[in-house]
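The next block holds one structure in the form of structure tokens; read it before the comments.
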Amino acid sequence: MLVDGKWVAKWDPVQAKDEKGGFVRQVSTFRNWITPDGSAGPTGTGGFKAEAGRYHLYVALICPWASRTLMARKLKGLEEVVGISIAEPELTDQGWRFAPGADPVNGATYVHELYTKADPQVSGRATVPVLWDKATATIVNNESADILRIFDAGFGALAKGPELCPAALAAEIDALNEAIYPTLNNGVYRAGFATTQLAYEEAFHDVFATLDALEARLADGRDWLHGQSFTETDIRAFVTLVRFDAAYHGLFKCNLRRLADYPRLSAYVARAYRLPGIADTVSIDHIKRGYYSIKALNPNGIVPLGPRLDWLES
């Protein structure tokens, strides 16, 4: 991790835990917003005006948080507006690494170099996604929830496609987002990175209670979680669910049931996967290689050959 701008220790997935031994996720540190006129957003400072070619997105295909932003970029037609660099799937002792030439903007080898370039005194983990401003050579935002909404509304006329958080559904979207984040999106991590049996079991039960609830929510025949409109909540759910059988079921010990054992949820994920461009944001190969490179969970680095995911790609 970074301490006062210097990399001081090998990458470790668990850098904070609570009194029960539960995994505690780091709070994002860069919280500025891109807006159509450059005014300040809900957090941070202003000056980041929507402009084609000015911004660059750093992601890793194994990471659900980064993949949220990739999906939004696709669905809002921002591929020609915001560039991307994709990190290698395996996590190294210095965290996310880029292949030679993969970062044409800063020439970085590791993601943590972007953090120290933006703030020479920064401390904490160097995570993805990172939304970079080429004009001022700094990080705009490294919080995926913010970047989702920046891509949805912050680029104004430069963006296309339907609203991902329409005003009529905003309250319902916020409520369901808040419900599934701790119990599912972060719940699988709480299970996988728990350091005590108690913390693991609490997270495990949260994960499957939420999967059961989402399966029941789809019982009325709706296509998406809020009805017939694909929204931000569907992005948040999809990125966790599409990784479930390949990574969380085995490596993270979330093994009561597979996603394939949920007929409505697996059909829902396959339906989202077939949306134009979404399959391009998913790499099961990167997901498996990346998660199984976490030495704390898989010291020998053996990547499983399975599972079969016929339900996803059929």
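The values are calculated or read from the model by the stated rules, or taken from the named source; none is laboratory data. Predicted, not measured: the structure shown is a model, and the values here were computed from it. Note: ideal-geometry Cβ built from the backbone for every residue, glycine included; neighbour counts use all protein chains shown. Each accessible area value is taken on the protein alone, full model and side chains, heavy atoms only, with ligands, DNA and RNA left out. Shrake-Rupley method; radii C 1.70, N 1.55, O 1.52, S 1.80 Å.
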Could you tell me, in Å, what Rg and Dmax come out for the Cα atoms of segment 33-178?
15.0, 45
Unit charges at the beta carbon, dipole of the chain: most positive-side option, PHE30, THR45, ALA9
ALA9
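Please report, in cubic angstrom per residue, the volume enclosed by the convex hull of the alpha-carbon atoms of segment 105-250. All intermediate terms of the calculation are to be shown ahead of the outcome.
Working: hull volume 23.3 nm³, N = 146.
Taking only Cα atoms, segment 105-250 has a hull volume of 159 Å³ per residue.
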Alpha-carbon Debye profile of the chain, log10 I(q)/I(0) at 0.06, 0.11, 0.13, 0.15 Å⁻¹:
-0.19, -0.67, -0.97, -1.32
Expressed in angstrom, Rg and Dmax over the Cα atoms of segment 182-314 are 14.7, 45
Here the percent of antiparallel bridges among DSSP beta bridges lying wholly in segment 35-98, to the nearest 5, is 10 percent
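Using only the alpha carbon atoms of segment 266-313, find the Kirkwood hydrodynamic radius as the inverse mean reciprocal pair distance, in angstroms to one decimal.
Radius from the Kirkwood sum: 12.2 Å.
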Take every DSSP beta bridge whose two residues both sit in segment 58-158, then give the antiparallel share in percent to the nearest 5.
65 percent
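Just want to confirm a number: the relative contact order over the chain, from Cα pairs under 8 angstrom separated by 6+ residues, in percent. List each step's numbers first, then the result.
On the way: 563 pairs, mean separation 63.1, N = 314.
Computed value for the chain: 20 percent relative contact order.
Only helices at least 18 Å long along their own axis, judged from Cα atoms, and with Kyte-Doolittle mean hydropathy of -1.0 or greater: name those in the chain from DSSP H.
Correct list, ordered by number: 197-217.
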What do you reckon, how do SER39, SER266 stack up by accessible area (1.4 Å probe), largest on top?
SER39, SER266
Given the C-alpha centroids of segment 46-93 and segment 121-162, what is the distance between them in whole angstrom?
8 Å
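List the trypsin sites (Lys or Arg not before Pro) in segment 117-163 that DSSP assigns to loop (not H, G, I, E or B) and whose Cβ has at most 14 other Cβ atoms within 10 Å. Which are they? Walk me through the intermediate numbers first.
Working: sites: LYS117, ARG125, LYS134, ARG149, LYS160; in loops: ARG125, LYS134, LYS160.
Within segment 117-163, the qualifying trypsin sites (Lys or Arg not before Pro) (loop, at most 14 other Cβ atoms within 10 Å) are LYS134, LYS160.
I'd like to know how segment 204-252 sits against the 2.2 N^0.38 Å rule of thumb: what's its Cα Rg over that expected value? Write out the running numbers ahead of the final one.
Numbers: Rg = 11.8 Å, N = 49, 2.2 N^0.38 = 9.7 Å.
That ratio works out to 1.22.
Kirkwood hydrodynamic radius for segment 47-131: how many Å is it when counted over pairs of different Cα atoms?
13.4 Å
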Quick check on segment 1-114: of the DSSP beta bridges with both residues there, what percent are antiparallel, nearest 5%?
40 percent
Largest-first semi-axes in Å of the equivalent ellipsoid built from the Cα gyration tensor of segment 2-56 are 33, 15, 10
Using the structure shown, list the pairs from LYS117/LYS288; LYS160/LYS288; LYS20/LYS253 with a Cα-Cα distance above 22 Å, or answer none.
LYS117/LYS288; LYS160/LYS288
